[in-house]
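One structure below.
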Amino acid sequence: MLLNRQEDLHIHCNYNDHSDADLTSSNIIQKAEQKKLERIAITEHVRKSSVWTRKYVNELSSQASRSKIRILIGFEAKILQNGEIDCPEEYLCGDYFVIASFHTRYTKEQWYTALIKAIENPFVNVIGHLAPEAGFVLSDSEIEKIGEYLIENKKIIELNAKYVRPPIQFLNIFKRQGVKFHLGSDAHSLKEIGNFDRINHLINLIEK
Ligand SMILES: [Zn+2]
Ligand SMILES: [Zn+2]
């Protein structure tokens, strides 16, 4: 399977409190144009309680209508312990590009159950930077089970350049099963946009 290096489907912006201040939507798009990217997804960290979402969506919509690059308007939302996605309901509708990721440490059992529920969520597009927590490992058959759910629910696994994930054990199994992949820099600064140097080895593994 060939991966499109001219796509970066995981980019943050200055709506969160820990990205660079110059990571504005217009600077992101300008950088993506300079790098000759074809398609990007701006996927800011969201919570159910986020109050900036309407402004963000309006701003990105107007930028997208003026850009030559295809721009997906999205969110990265935390997978909660009960498997729900920490995103306001109104954006879980199919119109937005939703990455579901673990940002909280769970036990293996909590993690596995929450992950399967997130995969089954029809409004989740991608599972972000998937990897087990430091405290546990997964057997090949447990990973195969995850792969079956991914395929059945048409979910994509991103190769994440910030965290260099998923682990090779996961990728080998998912690749064999025919899971779909794409690339995400998880950029929190302009220079990280479209930069996948850190995951060349993972890209090669999928493409070989
Ligand atoms: Zn994340
Ligand atoms: Zn992220």
Residues of the stretch 161-208 satisfying the condition of being without any contact (Cβ under 8 Å) to a residue 12 or more places away in the chain and closer than 18 Å to residue 144 by Cα: 176
Test: residue in the stretch 95-111 that is at pLDDT 95 or above, away from ligand 2 (no atom under 16 Å from the Cβ), within 29 Å of residue 133 (Cβ to Cβ) and aromatic (Phe, Trp, Tyr): yes
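Being in a helix (DSSP H, G or I) and among the polar types (S, T, N, Q) is the filter; apply it to the stretch 25-50 and report the residue that is surrounded by the most Cβ atoms within 10 Å (Cβ to Cβ). Give the derivation first.
So the first thing to find is which residues in the stretch 25-50 are in a helix (DSSP H, G or I), and the list is 25-34.
Okay, now just the ones that are also among the polar types (S, T, N, Q), so 25-27, 30, 34.
Working: 25: 22, 26: 11, 27: 16, 30: 15, 34: 11.
Here the answer is 25.
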Criterion (away from ligand 2 (no atom under 16 Å from the Cβ), assigned to a helix (DSSP H, G or I) and not hydroxyl-bearing (Ser, Thr, Tyr)) met by exactly one of 199, 203: 203
Members of the stretch 101-138 found to be more than 15 Å from ligand 1 (Cβ to nearest atom), surrounded by fewer than 16 Cβ atoms within 10 Å (Cβ to Cβ) and either within 13 Å of residue 174 (Cα to Cα) or among the basic types (Lys, Arg) (or both), listed by number: 108
The stretch 169-192, residues that are farther than 25 Å from residue 18 by Cα and outside any helix (DSSP H, G or I): 178, 179, 180, 181
Pick from the stretch 160-180, criterion buried (at least 22 other Cβ atoms within 10 Å of the Cβ) and within 21 Å of residue 37 (Cβ to Cβ), ranking: farthest from ligand 1 (Cβ to nearest atom): 161
Leading residue by the ranking (surrounded by the fewest Cβ atoms within 10 Å (Cβ to Cβ)) among those in the stretch 1-24 that are farther than 14 Å from residue 191 by Cα and more than 16 Å from ligand 2 (Cβ to nearest atom): 2
Meets criteria (surrounded by 15 or more Cβ atoms within 10 Å (Cβ to Cβ) and either in a loop (DSSP other than H, G, I, E, B) or within 16 Å of ligand 2 (Cβ to nearest atom) (or both)) for residue 71: no
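Any residue that is within 14 Å of ligand 2 (Cβ to nearest atom), under 23 Å from residue 207 (Cα atoms) and in contact with a strand residue (DSSP E or B) (Cβ under 7 Å, 6 or more places away or on another chain) - is there at least one of those in the stretch 143-159? Don't jump to the end; show me each part of the working.
Residues of the stretch 143-159 that are within 14 Å of ligand 2 (Cβ to nearest atom), as a first pass: 158-159.
Restricting the remaining residues to those that are under 23 Å from residue 207 (Cα atoms) gives 158-159.
Checking the rest, the ones that are also in contact with a strand residue (DSSP E or B) (Cβ under 7 Å, 6 or more places away or on another chain) come to 158-159.
Within the stretch 143-159 (the criterion being within 14 Å of ligand 2 (Cβ to nearest atom), under 23 Å from residue 207 (Cα atoms) and in contact with a strand residue (DSSP E or B) (Cβ under 7 Å, 6 or more places away or on another chain)), the answer is yes, since at least one residue qualifies.
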Some residue of the stretch 14-27 being at pLDDT 95 or above and under 15 Å from the mean Cα position of the chain (by Cα): no
Single residue of 8, 95, 20 found to be in contact with a Ser or Thr (Cβ under 9 Å, 6 or more places away or on another chain), in a loop (DSSP other than H, G, I, E, B) and among the charged types (D, E, K, R): 20
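If you take the residues in the stretch 42-72 that are touching a Lys or Arg at 6+ places or on another chain (Cβ under 9 Å) and either modelled with pLDDT under 95 or not charged (D, E, K, R) (or both), which one is farthest from residue 158 (Cα to Cα)? It would help to see each step written out before you state the result.
Taking the stretch 42-72 as the starting set, the residues that turn out to be touching a Lys or Arg at 6+ places or on another chain (Cβ under 9 Å) are 45-47, 64, 69-72.
With either modelled with pLDDT under 95 or not charged (D, E, K, R) (or both) added as a condition, the list becomes 45-46, 64, 69, 71-72.
Working: 45: 16, 46: 18, 64: 23, 69: 20, 71: 17, 72: 15 Å.
Going through the qualifying residues, I end up with 64.
The values are calculated or read from the model by the stated rules, or taken from the named source; none is laboratory data. These numbers were taken from a predicted model, which means no experiment stands behind them. Backbone-built Cβ (ideal geometry, glycine too); neighbour counts: all protein chains shown.
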